[in-house]
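S.K.: Mind having a look at this structure? Questions to follow.
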Amino acid sequence: MAAASDVVGGARPAAEKQPSALSTIFFTEMWERFSYYGMRALLVLYLVNSLGWERAHALELYGIYTGLVYLSPLLGGYLADRYLGFRKAVVIGGLTMALGHFAMAFEPLLYLALGLLIAGNGFFKPNMATLLGSLYRDNDPRRDGGFTIYYMGVNLGAFLAPLVAGTLGEKIGWHWGFASAGVGMCFGLAQFLLGQGKLGDAGMPGGKARLDRRDGMQIAVISLSMIPLVYLVMFAWQFAGPLWGALPFAAKTLAVIAIVAALWFGKRLLGERSSTPSEPLTSDEWQRIVAILIMGFFVVFFWMGFEQAGGTMNLFADKLTDRHLGAWEIPASYFQAINPLGIVLLGPVIAAIWVRLDQSRYALPTPAKMAIGMMILGLGFVVLAIADSRAQAIGQVGPWWLVAVYLLHTLGELCLSPVGLSMVTKLAPARVAALMMGIWYLANAAANYLAGILEELLKGSSMPLYWFLVGSSIGAGVVLLAITPLVKRLMHEGSPAPRSATR
């Protein structure tokens, strides 16, 4: 992978080793993703099959939970940028998520557990990717290869999670599955702390090389304070929840945008409190930020479809798929292992294709690669829409329909997600790097919430869910492809990145 990445950006042809800290980040992220995807594989099935929730109610909670998981990095990224540093924020996030996973093992603590997982993700998610980006110099030819390796670590954890947590949850007991996700998060924390020596001063404020005892005390206090904070939010929501629920979707969208703007301007107003001067953004930096925002808008359409995997597609596997192999019934959660397995196997192939194209006159800019990913996702929903029609007619369909859908979605993801993460760390000015990563995840937040409520929104309309997703995925891809020249100019792709873009 390192040799392939050396070609990106017109670098030296000789292979150059990846940073030694990449292995620490790889395994930390692998175990964190094991915990997250174990939870994702089980949540909707648990709510419907164990707690007896209505389908729409379960999907809505799934959408709110996964949406907030991606929204909370906006605040977590801000706190890391301004006060904590990336490394301390990662440990706070990991410890808080471990508490949340273990709380899921107790049914009365469902909402506390979800709150802790949301808060922990806010500290962890934006800062791991940004910490990885900080290991590379300006226009480093190893960057894209490093992010591809990182992304394979993500998917190795995501592959193991449905098999381990899914088996424990569906075959032995739901709470055993949730507890296994907590054990995985503890493994990730241990990996990160034991590998500190490889990170040098990356992600540490003030030039420190390691987290010390004082940092440990601060981490413990902040992590444990998340428990009363979640309970406080739950109490406040008893009053604010009905008001929020009465708002139309457009008003909710404007409210979220207002929160984002408040965080941004709050950061600017408090800039003088930073230990380093806050320089004004240049015109080129603003253009790169605008490019990130445009791309973030379009990826909403991708993830709105892709994240059906943990919701309606999970229930499709559970209710409408014949999962029997002789006397053994395949757990419904196992189908969610197809996507990460496909990424691990196909990731090097797609990366090699991009390298070959980038060396030729047929080189594709980043927005075009992402547009292709959206259109491939839409093809997967064509297959799923046909399978759904057959299942409604005959009761159940064979498992190969879902296998084909997941493989197409995997190809689409490989075209879009790794290059998207790499793009943000390349384009974002360093002094707002984690915040921009948080804004990138804001697009995922909107998409995940939409994924959970979309079926209910379309209820009563003449457009079936999966055919709607065919149009939204392919349509957005075509529009993005059409405006690729404009976005490419804003990105200044092919020109040197500003010195502040990376550490």
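S.K.: Looking only at residues that are without any contact (Cβ under 8 Å) to a residue 60 or more places away in the chain and in a helix (DSSP H, G or I) in the stretch 38-57, which one is surrounded by the most Cβ atoms within 10 Å (Cβ to Cβ)?
M.R.: Ranking the qualifying residues of the stretch 38-57, first place goes to Leu47.
S.K.: Identify, from the list Phe249, Phe265, the residue that is modelled with pLDDT under 75, closer than 30 Å to Gly378 by Cα and surrounded by fewer than 16 Cβ atoms within 10 Å (Cβ to Cβ).
M.R.: Matching residue, one of Phe249, Phe265: Phe249.
S.K.: So which residues in the stretch 83-104 are under 19 Å from Pro228 (Cα atoms) and surrounded by fewer than 24 Cβ atoms within 10 Å (Cβ to Cβ)?
M.R.: If the condition is that a residue be under 19 Å from Pro228 (Cα atoms) and surrounded by fewer than 24 Cβ atoms within 10 Å (Cβ to Cβ), then Leu95, Leu99, Phe102, Ala103 are the ones that fit.
S.K.: Among the residues of the stretch 169-177, is there at least one that is over 24 Å from Ala445 (Cα atoms) and basic (Lys, Arg)?
M.R.: There is at least one residue in the stretch 169-177 that is over 24 Å from Ala445 (Cα atoms) and basic (Lys, Arg).
S.K.: Restricting to the stretch 325-343, name every residue that is touching a residue at least 60 places away in the same chain (Cβ under 8 Å), farther than 13 Å from Arg40 by Cβ and not aromatic (Phe, Trp, Tyr).
M.R.: Within the stretch 325-343, Ile330, Pro331, Ile338, Leu341, Gly342, Ile343 meet the criteria.
Each row is one residue, and each column tells you yes or no for (1) at pLDDT 85 or above; (2) more than 14 Å from Arg33 (Cα to Cα); (3) more than 19 Å from the chain's Cα centre (by Cα); (4) in a helix (DSSP H, G or I).
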| position | (1), (2), (3), (4) |
| --- | --- |
| Leu75 | no, yes, no, yes |
| Ala80 | no, yes, no, yes |
| Gly93 | yes, no, no, yes |
| Ala98 | yes, no, no, yes |
| Leu110 | yes, yes, yes, yes |
| Ala119 | yes, yes, no, yes |
| Phe123 | yes, yes, no, yes |
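S.K.: Scan the stretch 303-337 for residues that are more than 21 Å from Leu458 (Cβ to Cβ) and touching a helix residue (DSSP H, G or I) at 6+ places or on another chain (Cβ under 8 Å) and report the count. Reasoning before the result, please.
M.R.: The first filter runs over the stretch 303-337 and keeps only residues more than 21 Å from Leu458 (Cβ to Cβ), leaving 321-337.
Checking the rest, the ones that are also touching a helix residue (DSSP H, G or I) at 6+ places or on another chain (Cβ under 8 Å) come to 321, 323, 331-337.
Residues in the stretch 303-337 being more than 21 Å from Leu458 (Cβ to Cβ) and touching a helix residue (DSSP H, G or I) at 6+ places or on another chain (Cβ under 8 Å): 9 in total.
S.K.: Scanning the stretch 17-37 for residues that are among the charged types (D, E, K, R) and in a helix (DSSP H, G or I), which turns out farthest from Leu315 (Cα to Cα)?
M.R.: The qualifying residue farthest from Leu315 (Cα to Cα) is Glu29.
S.K.: Within the stretch 391-406, can you find the residues that are out of contact with any Phe, Trp or Tyr (no Cβ under 8 Å at 6 or more places or on another chain) and surrounded by fewer than 18 Cβ atoms within 10 Å (Cβ to Cβ)?
M.R.: Result: Gln392, Ala393, Ile394, Gly395, Gln396, Gly398, Trp400, Ala404.
S.K.: Return the only residue of Phe316, Phe302, Phe335, Phe306 being touching a His at 6+ places or on another chain (Cβ under 8 Å) and crowded, with 21+ Cβ neighbours inside 10 Å. Working first, answer last.
M.R.: Values: Phe316 fails: touching a His at 6+ places or on another chain (Cβ under 8 Å); Phe302 fails: touching a His at 6+ places or on another chain (Cβ under 8 Å); Phe335 fails: touching a His at 6+ places or on another chain (Cβ under 8 Å).
On inspection, the qualifying residue turns out to be Phe306.
S.K.: Let me ask something else. Hey, does the stretch 81-88 have a residue that's closer than 18 Å to Asn448 by Cβ and touching a residue at least 40 places away in the same chain (Cβ under 8 Å)?
M.R.: Checked the stretch 81-88: no residue is closer than 18 Å to Asn448 by Cβ and touching a residue at least 40 places away in the same chain (Cβ under 8 Å).
S.K.: For the stretch 163-222, which residues satisfy the criterion of being part of a loop (DSSP other than H, G, I, E, B) and free of Cβ contacts under 8 Å to residues at least 60 places away in the same chain? Please lay out each step first, then the result.
M.R.: Quick first cut of the stretch 163-222, residues part of a loop (DSSP other than H, G, I, E, B) only: 173, 195, 200-204, 208-212.
Scanning the stretch 163-222 gives Gly173, Asp201, Lys208, Ala209, Arg210, Asp212.
S.K.: Something else now. For Glu455, all conditions in the list (1) at pLDDT 85 or above; (2) closer than 27 Å to Ala129 by Cα; (3) surrounded by 17 or more Cβ atoms within 10 Å (Cβ to Cβ) hold save one; what is the number of the exception?
M.R.: The failed condition is (2).
The values are calculated or read from the model by the stated rules, or taken from the named source; none is laboratory data. Not measured: the values here are computed from a predicted model. Cβ sites come from the backbone with ideal geometry, for glycine too, and all protein chains shown count toward neighbours.
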